[in-house]
1. Give me the percent relative contact order of the chain, please, defined on Cα pairs under 8 angstrom at least 6 residues apart.
2. Can you give me the distance in nm between label points at Ser187 and Glu43, each placed 7 Å from the Cα along the Cα-to-Cβ direction?
3. Taking only Cα atoms and a 10 Å spring cutoff, compute GNM fluctuations for the chain and point out the largest among Pro119, Pro130, Pro67.
4. On average, how much accessible surface per residue is there in the chain, in Å², for a 1.4 Å probe, leaving out ligands, DNA and RNA?
5. When the distances between all Cα atoms of the chain are binned every 10 Å from zero, what whole-number percent does each bin get?
6. If you stretched the chain out fully between Lys223 and Lys85, how much longer would it get, using 0.36 nm times the residue separation minus the C-alpha to C-alpha distance?
7. Checking the table Lys5/Lys109; Lys149/Lys193; Lys169/Lys193; Lys105/Lys199 against a 28 Å threshold on Cα-Cα, which pairs fail?
8. Arranged from highest to lowest average of other beta-carbon atoms within 10 Å per residue, in what order do the peptides 172-178, 41-47 appear?
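The values are calculated or read from the model by the stated rules, or taken from the named source; none is laboratory data. Bear in mind that the values here come from a model prediction, so they are computed numbers and not experimental data. Cβ placement follows ideal geometry from the backbone for every residue including glycine, while neighbour counts extend to all protein chains displayed. Side chains are part of the model used for accessible areas, which takes the heavy atoms of the whole protein and leaves out ligands, DNA and RNA. Shrake-Rupley method; radii C 1.70, N 1.55, O 1.52, S 1.80 Å.
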Amino acid sequence: MAHHKIALLADTHGLLREEVLQKIKDCEVIFHAGDFGGPEIVERLQQIAPVFMARGNNDKEWAKDMPYFVREQIGNSTFYMCHKKQDLPDDLGGVDFVICGHSHKYELKQEGSICYINPGSCGPRRFHQPITFAILYFEDEAADYRIEKIDLSPALTKENAQKLSLSEKDLDRLISRIIKEFSAGKSIEQIAKKNRVEKDLVEAVCRMYATHPGVTTAGIMEKLELRKLYVN
């Protein structure tokens, strides 16, 4: 009986954590649903196992030859993968597993004979969201499968967010300062140290600012879902 162990990743955005590498080191193949963040991520993953890749919306010129849609057979199971779930074709006949990314939110759903998986993001952490990826286990001769969700950090709650001692208005001002200092060429470490905040927050704000031209402070608050931390 053939046993399969498959790594499911998405949205690494230039960061491959050691915890991820250790967990997937004995996987048969790796599926990555886009937004790699650079060719070095692909090269590092290929040192571990064969990598099936779908191009994400942030994978620019370097990934021009990378397909947007991937259909592969592993054992007796058929996989279909793309970055955005809304881009899936209407006809998924014969597909057993669908893998998508983009939202940075873990999702697992069985619809009829198809298992839909979004492994979430295991790259730079969005301010309050967990860092996740998944491993799929299945056997060719069995209908059952098992998906292990790996969560490398707890979600940021309103309570521990308030340890920053920032009101919503203060957080808005902090984001404005981060953008100003990032635009002036200061590093993530310098900005975090000067403003006495975690590098994760600074990195998330700077990445959002860099990848969404013209985004405002309010837009960053909305996209990173920071306002939810202040809703009673």
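1. Worked out over the chain, it gives 17 percent.
2. Distance between the two pseudo-spin positions: 2.1 nm.
3. Ranking Pro119, Pro130, Pro67 by mean-square fluctuation puts Pro67 first.
4. It amounts to 51 Å² per residue over the chain.
5. Going from the shortest bin to the longest, the percentages are 7, 31, 32, 20, 8, 1.
6. Working: separation 138, 0.36 × 138 = 49.68 nm, distance 1.83 nm.
Result for the pair: 47.9 nm of gain on full extension.
7. From the list (Lys5/Lys109; Lys149/Lys193; Lys169/Lys193; Lys105/Lys199), the Cα-Cα distance tops 28 Å for Lys149/Lys193.
8. Numbers: 172-178: 17.9, 41-47: 15.4.
Ranked by mean Cβ neighbours within 10 Å, highest first: 172-178, 41-47.
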